[in-house]
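Student: Got a structure for you, written out below as structure tokens; questions coming shortly.
The values are calculated or read from the model by the stated rules, or taken from the named source; none is laboratory data. For clarity, every value in this text was computed on a predicted model and none was experimentally measured. Virtual Cβ from ideal backbone geometry, glycine too; neighbours counted across all protein chains shown. The protein model used for the area step is the full one, side chains on, heavy atoms only, and it has no ligands, DNA or RNA in it. Shrake-Rupley method; radii C 1.70, N 1.55, O 1.52, S 1.80 Å.
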2 protein chains.
Amino acid sequence: MERSIGFIGLGRMGLPMAHNLLKAGAALRVYNRSKQKAAELATNGAVVCEAAVDTIVPGGVVISMLADDAALEQTFTPALAARLGPGGLHISMSTISPATAGKMAAIHQAAGAAYVASPVFGGPEQTAAAQIWICVSGEESAKQRARPILEKLGRDVEDMGTDPAAANVVKLCGNFLIAAATEALAEAFTVAEKQGVNLTAMNRMLCEKLFGGAVYQRYGSRVLSREHLPAGFQLLLGLKDMRLTRQMADAAKTPMPVVDVVFNRLLSQAAKNRGDQHWTGLASGAREDAGLPA
Amino acid sequence: MERSIGFIGLGRMGLPMAHNLLKAGAALRVYNRSKQKAAELATNGAVVCEAAVDTIVPGGVVISMLADDAALEQTFTPALAARLGPGGLHISMSTISPATAGKMAAIHQAAGAAYVASPVFGGPEQTAAAQIWICVSGEESAKQRARPILEKLGRDVEDMGTDPAAANVVKLCGNFLIAAATEALAEAFTVAEKQGVNLTAMNRMLCEKLFGGAVYQRYGSRVLSREHLPAGFQLLLGLKDMRLTRQMADAAKTPMPVVDVVFNRLLSQAAKNRGDQHWTGLASGAREDAGLPA
């Protein structure tokens with residue numbers, strides 16, 4: 001693994017990632033808009049930078065993990081790509097739209113630098129345990145350079161192709177599948193509750209046995225318990241991802257009727273000031289539609 | 001396990017079930033509309049009956065596994081319930097509406113007989129291997145009597161409560177969850193295909209790893225391969241179940257927008273004479289909407 005690495009964005013995901021890289025022996029130059037989190041890393045040997053550009057060494061490697069498209073575009077300007085320059089590599093781990101990924105890749109290409117998309121599946125806890133799944137896409141040699149670093153951050157690195165946008169397409173599709181599963185579970189549990197079914201037994205049969213796997217087991221229990229706090233992944237972030245998925249569907253000329261359903265569910269919860277709930281809170285929509293309390 | 005059992009309905013599911021009961025030492029009296037399948041069981045020791053009513057012994061146990069609500073109501077008339085009479089037990093394994101289950105339970109109650117709903121999850125292969133999951137609901141003592149028999153037919157018997165309709169609610173909800181997952185997978189793979197993503201890697205990441213479990217692994221691969229023949233579970237049967245789910249949602253005053261999406265997908269495929277495909281054929285809807293071949 002390359003030792004000298006810049007790291008931009010120390011949020012709920014970025015911070016544990018940076019910790020893992022330090023543990024793996026990296027010499028990190030970190031930057032975060034709010035300085036407090038960076039200070040925490042300084043005690044572990046990271047160099048705290050005053051500006052994002054200072055994390056970058058010409059021809060070096062920089063990782064970014066930011067909240068959304070706007071944060072990435074505002075932070076990673078053409079000036080930063082120019083500083084990265086020929087031989088440089090940006091490993092971009094944020095969940096952003098494929099369109100923005102394409103724009104970012106073009107900015108880097110113009111500066112002679114490489115851009116690899118590496119969005120991840122998993123929450124802060126799995127990130128801390130280096131158990132996230134990482135999707136990667138971009139030019140082959142850039143992916144090869146990124147891989148040893150990414151392997152320190154997750155349990156698995158899956159290659160989605162050479163288009164820098166491809167990994168972001170898969171990330172949005174994955175979050176869409178989770179939202180669709182949550183909505184279907186909410187509809188199913190709601191219609192069953194109104195008919196007096198033993199919901200615990202239903203959850204055991206459908207989520208743990210028939211479906212199985214982490215998503216149905218975890219989300220089935222959350223939909224059933226209606227405990228949407230604390231939020232590992234906030235509803236507002238899920239809403240953002242379904243908004244990006246709708247835009248992607250529009251751009252790719254692919255009607256996706258279930259995306260519209262889950263987008264509107266999340267939007268409605270946001271309108272009811274529940275944006276800070278875990279995004280399983282979208283399940284409240286089916287309940288309230290049926291005259292049950294959220 | 002009670003040895004003397006009547007068995008009505010020797011279709012793709014009923015026939016392997018009857019075989020399993022014979023293997024377990026049951027003395028079966030079987031009836032099927034078409035005689036050929038019954039003859040096959042006769043060589044294994046079953047008594048083939050000329051009429052459904054002849055499978056029934058007063059106070060005994062009879063199992064039915066029929067294609068739909070109409071088949072069950074036409075076959076299992078009040079006259080049959082009367083012959084079953086006090087102390088009798090009907091184990092009703094068909095996938096029918098909760099409303100029909102309620103009607104059937106009332107007919108049996110009027111005759112002094114017990115009615116237990118026992119719909120199953122799993123296809124003909126899993127049925128032959130006695131690996132299906134069985135949902136059961138009804139009066140406690142009737143369920144206790146049914147359980148040793150059901151345990152010979154499946155890997156697991158899950159109790160959904162005392163309402164005879166409850167197990168049928170769970171069965172319809174389970175099939176709805178499968179249809180919803182198929183639709184979401186179809187939308188996701190379609191939008192990704194149009195953007196040049198490596199779909200095999202996407203399937204591995206999303207269906208095998210992130211979701212995991214039998215449904216996503218099996219249905220993800222089928223949606224991806226677009227091989228909807230041979231059909232373990234036909235599209236027309238899935239359409240029937242989503243029709244029942246819509247009726248159930250209406251009766252239970254529970255809006256279920258995703259049920260409407262998958263019902264219309266299946267209906268459209270039926271309109272295109274694809275009703276004999278596996279019900280993953282509903283995935284063709286998202287593809288054709290996006291201008292791709294089915």
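Student: Any residues in segment B:236-254 that have 10 Å² or more less accessible area with all protein chains than in their chain alone, probe 1.4 Å, and which are they?
Tutor: Buried on complex formation: B:M248, B:A252, B:K253, B:T254.
Student: Once amide H atoms are built 1.01 Å from N in the peptide plane, which residues 5 or more positions from A:I63, or in another chain, come under 5 Å H to H?
Tutor: HN-HN under 5 Å from A:I63: A:G6, A:F7, A:I8, A:I91.
Student: Out of the total accessible area of chain B (probe 1.4 Å, heavy atoms of protein only), what percent is carbon and sulfur?
Tutor: 52 percent
Student: Give me the accessible area per residue for chain A, probe 1.4 Å, as a whole number in Å².
Tutor: On the way: 10670 Å² over 294 residues.
Value for chain A: 36 Å² per residue.
Student: Run the label-point distances for B:K253 please: 7 Å along Cα to Cβ, every other copy, nanometres, shortest first.
Tutor: Nearest first, the other copies' label points are 4.6 nm away.
Student: Can you work out the Karplus-derived ³J(HN,Hα) for every residue in segment B:270-287? Use 6.51 cos²θ - 1.76 cosθ + 1.60 with θ = phi - 60°, whole Hz, and x for glycine or proline.
Tutor: 5, 5, 8, 6, 10, x, 8, 6, 4, 6, 4, x, 4, 4, 4, x, 4, 5
Student: Can I ask one more? Taking Cα centroids, how far is segment B:188-209 from segment B:129-157 in Å?
Tutor: 39 Å
Student: What are the residues whose amide H is under 5 Å from the amide H of B:D156, where those residues sit 5 or more places off or on another chain and H is modelled from the backbone?
Tutor: Placed amide hydrogens put B:I134 under 5 Å from B:D156.
Student: Which listed residue (A:H19, B:A67, A:G112) has the Cα farthest towards the positive end of the charge dipole for the protein assembly as shown, taking +1 on Lys and Arg C-beta and -1 on Asp and Glu C-beta about the Cα centre?
Tutor: Projecting each Cα onto the dipole axis, the largest value belongs to A:H19.
Student: Put a label point 7 Å from Cα along the Cβ direction on A:A110, then list its distances to the equivalent points in the other copies in nm, shortest first.
Tutor: 8.0
Student: Related question: Using a Cα-Cα cut-off of under 25 Å, which lysines could be cross-linked to B:K272, ignoring same-chain neighbours fewer than 8 residues away?
Tutor: Answer for B:K272, where 25 Å is the Cα cut-off: A:K253, B:K194, B:K240, listed by chain and number.
Student: Would you mind classifying chain A by shape? Square roots of the alpha carbon gyration tensor eigenvalues, ordered a ≥ b ≥ c; an a/c under 1.5 is rounded, otherwise it is prolate if a/b is larger than b/c and oblate if not.
Tutor: Values: a/c = 2.18, a/b = 1.86, b/c = 1.17.
It is prolate, given that a/c is not under 1.5 and a/b is the larger ratio.
Student: So for each of A:163-172, B:171-180, A:196-205 I average, over its residues, the number of other beta carbons within 10 Å; can you give me the resulting order with the highest mean first? Walk me through the intermediate numbers first.
Tutor: On the way: A:163-172: 28.5, B:171-180: 26.3, A:196-205: 20.0.
With the highest mean Cβ count within 10 Å placed first, the list reads A:163-172, B:171-180, A:196-205.
Student: Through the Karplus equation 6.51 cos²θ - 1.76 cosθ + 1.60, θ set to phi - 60°, convert the phi angles of segment B:65-70 into ³J(HN,Hα) values in whole Hz; use x for Gly and Pro.
Tutor: 9, 10, 6, 7, 4, 5
Student: Would segment B:147-188 count as rounded, prolate or oblate if I go by the C-alpha gyration tensor, calling it rounded below 1.5 in a/c and otherwise prolate when a/b exceeds b/c, oblate otherwise? Each step should come with its number before you reach the end.
Tutor: Numbers: a/c = 4.85, a/b = 2.00, b/c = 2.43.
Oblate, because a/c is 1.5 or more while a/b does not exceed b/c.
Student: Once each part is reduced to its C-alpha centroid, what is the distance from segment A:57-98 to segment A:248-286 in angstrom?
Tutor: Each part reduced to its Cα centre gives a spacing of 29 Å.
Student: Give the B-A buried accessible area in Å², both sides summed, 1.4 Å probe, nearest 100. Could you put the intermediate results ahead of the total?
Tutor: On the way: alone 13110 and 13130 Å², together 21310 Å².
Accessible area lost upon association: around 4900 Å².
Student: Would you calculate a helix-derived [θ] at 222 nm for the protein assembly as shown, using -39,500 (n - 2.57) for each DSSP H run of n ≥ 4 and dividing by the full residue count, to the nearest 500? Let's see the in-between values first.
Tutor: Working: 26 runs with 290 residues, N = 588.
It lands at -15000 deg cm²/dmol.
Student: Which of the three applies to segment B:24-87, rounded, prolate or oblate, going by the alpha-carbon gyration tensor with a ≥ b ≥ c and a/c under 1.5 meaning rounded?
Tutor: Details: a/c = 2.07, a/b = 1.24, b/c = 1.66.
Oblate.
Student: Which residue is it, in chain B, whose C-beta lies closest to the B-to-A rotation axis, and what is that distance in whole Å?
Tutor: B:G213, 2
Student: Compute, for the protein assembly as shown, the length of the dipole vector about the Cα centre, with Cβ point charges of +1 (Lys, Arg) and -1 (Asp, Glu) only. Units Debye, rounded to 20.
Tutor: The dipole magnitude comes to about 380 debye.
Student: Could you give each residue of segment A:243-259 its phi-based ³J(HN,Hα) in whole Hz, using Karplus coefficients 6.51, -1.76, 1.60 with θ = phi - 60°, and x for Gly or Pro?
Tutor: Once rounded to whole Hz, the list reads 5, 5, 5, 4, 4, 5, 4, 4, 5, 8, 6, 10, x, 10, x, 6, 4.
Student: Here is a follow-up. How large is the charge dipole for chain A, taken about the Cα centre, if only the Cβ atoms of Lys, Arg (+1) and Asp, Glu (-1) carry charge, to the nearest 20 debye? Don't jump to the answer; show the numbers that get you there.
Tutor: Details: 29 positive and 26 negative charges, 83 e Å.
Using Cβ point charges on Lys, Arg, Asp and Glu, chain A gives about 400 debye.
Student: Suppose we compare each residue of segment B:157-185 in its chain alone and in the full protein complex with a 1.4 Å probe; which ones drop by at least 40 Å² of accessible area?
Tutor: For segment B:157-185, once contacts with the other chains are taken into account, B:E158, B:M160, B:V169, B:V170, B:C173, B:L177, B:A184 lose 40 Å² or more.
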